[in-house]
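No value in this document is a laboratory result; all are computed from the given coordinates. This is a predicted model, so every value here is computed, not measured. Ideal geometry is used to build each Cβ from the backbone, glycine not excepted, and the neighbour counts take in all protein chains shown.
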Amino acid sequence: EKVLGIETSCDETSVAVVAGGEEILANIISSQIKTHKRYGGVVPEIASRKHVENIAVVVEQALTEAALSWEDINAVAVTQGPGLVGALLVGVSTAKAIAYSLKKPLLGIHHLMGHIYAVFLENKGIKLPLLCLVVSGGHTSLLVLEGYGRMRLLGQTRDDAAGEAFDKVARALGLSYPGGPEIERIAREGNAGAIQFPRAWLEGGSLDFSFSGLKSAVLNYINRAGQKGEEVIQEDVAASFQQAVIDVLVGKAFAALKDTGLNQLAVVGGVAANGSLTSALRKRAVVEGAEIFNPSPILCTDNGAMIACAGYHALKGGQDAGLDLNAVPNLPLNYL
Ligand code: ATP
Ligand code: MG
Ligand code: FE
């Protein structure tokens, strides 16, 4: 089955075609980063307008690249939420129009189910139940995936998401949006042990996260140095901050593997594109005898292929949304 996947929840207009839930025939990603960069973040109204301008072209490009015609598409999957309401509506309306005219099933996908299913696009031999570390712009969670749409939540952030912390620290360092890749880039030239930033382990045994204390510590460090007229070595701040995030993510992910008795870990979402994070996880996995699965960087950040993949599994599960499918900006994940 060939599933068309549409993702417009934030600032990427992306359309993909995925066959059999794993073979990517096309994955067109039209990023609006250049447009939003000068505002230092995503401007919702501009994002919606750009999606409207781009969506038809991106759909056409996806079909062309996949060398398919409309009749070859077996189902249409779209991100229903969470995300920016105006942005989501562009994808949802487009998906409905296509599904209606083709008389094919329509699948409303939770954006995080998309991020999680991205790992199945390139990796064979993943078994369920699977421990997932979801680290993105808006989420930081540890959960056990037991089947499509069936998850057990082990822990999540109590304040900022990991990606949000990267973006805010980058902004304070005068780096451009989005901050994660910029921090990773300059951190390579820095000393991760230069500054001792706090690690929030929370109460013993907790698999929850907290990054706002770390973020404040970094902002205070930068402000204080500024007041005293001391030089801030950006590379050291970036490397030390990144190391603090990595230490906690790695520590809690392996604590969760131990608690659950599982030995496979999927790390997904935009922050999972961070090579220092994934290499730290892999290094620890060698010691602990665990296996790490991670999508390629382009499949970690927002893309249509992950939505098409999740859509394939939703279809197998017998889902078919009606044409009254609506965008839900704060769509919750239903945990078991
Ligand atoms: P969500 O998926 O939670 O709704 P989102 O869709 O905005 O939020 P993603 O697209 O998953 O988030 O990821 C974007 C986030 O990932 C941004 O915060 C960005 O800074 C971060 N990010 C991207 N690449 C890297 C990297 N190499 N290192 C660290 N963070 C990164
Ligand atoms: Mg984005
Ligand atoms: Fe995302």
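Would you please give the residues with an amide H less than 5 Å from that of residue 9, counting only those at least 5 places away or on a separate chain, with H modeled from the backbone geometry?
Here nothing satisfies the definition.
In which sequence would 324, 159 go, from the one with the fewest C-beta neighbours within 10 Å to the one with the most?
Starting with the residue having the fewest Cβ neighbours, the order is 324, 159.
Given 25 °C and 0.890 mPa s, how large is the Stokes-Einstein diffusion coefficient of the chain in µm²/s, with Rh as the Kirkwood radius over Cα pairs?
Estimated diffusion coefficient is 120 µm²/s.
Among 271, 59, 134, which one shows the biggest mean-square fluctuation in a GNM of the chain, springs joining Cα atoms closer than 10 Å?
Of 271, 59, 134, the most mobile in the Gaussian network model is 59.
Measure nothing but the geometry: give the 0 to 90° angle between the long axis through the Cα atoms of 212-227 and the longest principal axis through the Cα atoms of the chain, rounded to 10°.
50 degrees
For residue 158 and residue 171, calculate 0.36 nm times their separation in residues minus their Cα-Cα distance, and state this gained length in nm to one decimal.
2.5 nm
Treat every Asp and Glu Cβ in the chain as -1 and every Lys and Arg Cβ as +1, leave all other atoms uncharged, and give the resulting dipole magnitude about the Cα centre to the nearest 20 debye.
For the chain, the charge dipole is close to 360 debye.
Which residues in the range 24-48 place their backbone N less than 16 Å from a point set 7 Å from the Cα of residue 298 along the Cα-to-Cβ direction?
24-32
Simple spin-label model, 7 Å along Cα-to-Cβ: residue 1 to residue 227 in nm?
Each label point is offset 7 Å from its Cα along the Cβ direction, giving 6.0 nm.
Each label point is 7 Å from the Cα along the Cα-to-Cβ direction; what then is the distance between the points at residue 202 and residue 49, in nm?
4.0 nm
Please quote Rg/Rh for the range 175-234 to two decimal places, taking the Kirkwood radius as Rh and restricting both calculations to Cα atoms.
Checking Rg against Rh, the ratio lands at 1.02.
Nearest-5 percent of antiparallel DSSP beta bridges in the chain?
60 percent
Roughly how many debye, to the nearest 20, is the charge dipole of the range 13-159 about its Cα centre, given +1 on each Lys and Arg Cβ, -1 on each Asp and Glu Cβ, and no other charges?
Using Cβ point charges on Lys, Arg, Asp and Glu, the range 13-159 gives about 440 debye.
Between 0 and 90 degrees, rounded to the nearest ten: what's the tilt of helix 85-102 against the longest Cα principal axis of the chain?
Taking the Cα atoms of the chain, the angle to 85-102 is about 30 degrees.
Provide the net charge surrounding residue 199, with neighbours chosen by a C-beta distance below 15 Å and charges set as Lys +1, Arg +1, Asp -1, Glu -1.
Once all neighbours under 15 Å are counted, the net charge is -2.
From the helices alone, meaning DSSP H stretches of at least four residues, give me the mean residue ellipticity at 222 nm for the chain, per-run term -39500 (n - 2.57), in deg cm²/dmol to the nearest 500.
It lands at -14000 deg cm²/dmol.
Please compute the modelled spin-label separation between residue 330 and residue 260, points set 7 Å along Cα→Cβ, answer in nm with one decimal.
2.7 nm
Between helix 304-316 and the chain, what is the angle of the helix's C-alpha long axis to the longest principal axis, kept within 0 to 90° and rounded to the nearest 10?
Helix 304-316 and the main axis of the chain meet at about 60 degrees.
Please work out the FRET efficiency for the pair residue 57 and residue 150, using the Cβ-Cβ distance as r and a Förster radius of 41 Å; give the result to the nearest 0.05.
0.65
Taking θ as phi - 60°, what are the ³J(HN,Hα) couplings along the range 43-60 by the Karplus curve (6.51, -1.76, 1.60), each to the nearest whole Hz, with x for Gly and Pro?
Here the 3J(HN,Hα) series is 9, x, 5, 5, 4, 4, 4, 5, 4, 4, 4, 9, 4, 5, 5, 5, 4, 4 Hz.
Along the range 285-301, what does the Karplus equation 6.51 cos²θ - 1.76 cosθ + 1.60 (θ = phi - 60°) give for ³J(HN,Hα), rounded to whole Hz, x for Gly and Pro?
Karplus-based 3J(HN,Hα) across the range 285-301 equals 5, 4, 5, 8, x, 10, 10, 10, 10, 8, x, 4, x, 5, 9, 7, 7 Hz.
Choose one of 68, 128, 313: the residue whose Cα lies farthest towards the positive end of the charge dipole of the chain (beta-carbon charges +1 Lys, Arg; -1 Asp, Glu; about the Cα centre).
Going by the charge dipole, the pick is 128.
In sequence order, what are the phi-derived ³J(HN,Hα) couplings for the range 129-144 according to the Karplus relation 6.51 cos²θ - 1.76 cosθ + 1.60 with θ = phi - 60°, rounded to whole Hz, with x for glycine and proline?
x, 10, 7, 10, 9, 9, 10, 9, x, x, 9, 9, 9, 10, 8, 9
How big is the range 22-62 along each principal axis, measuring the range of its Cα positions in Å and listing the largest first?
Taking max minus min along each principal axis of the Cα atoms, the range 22-62 gives 36, 19, 14 Å.
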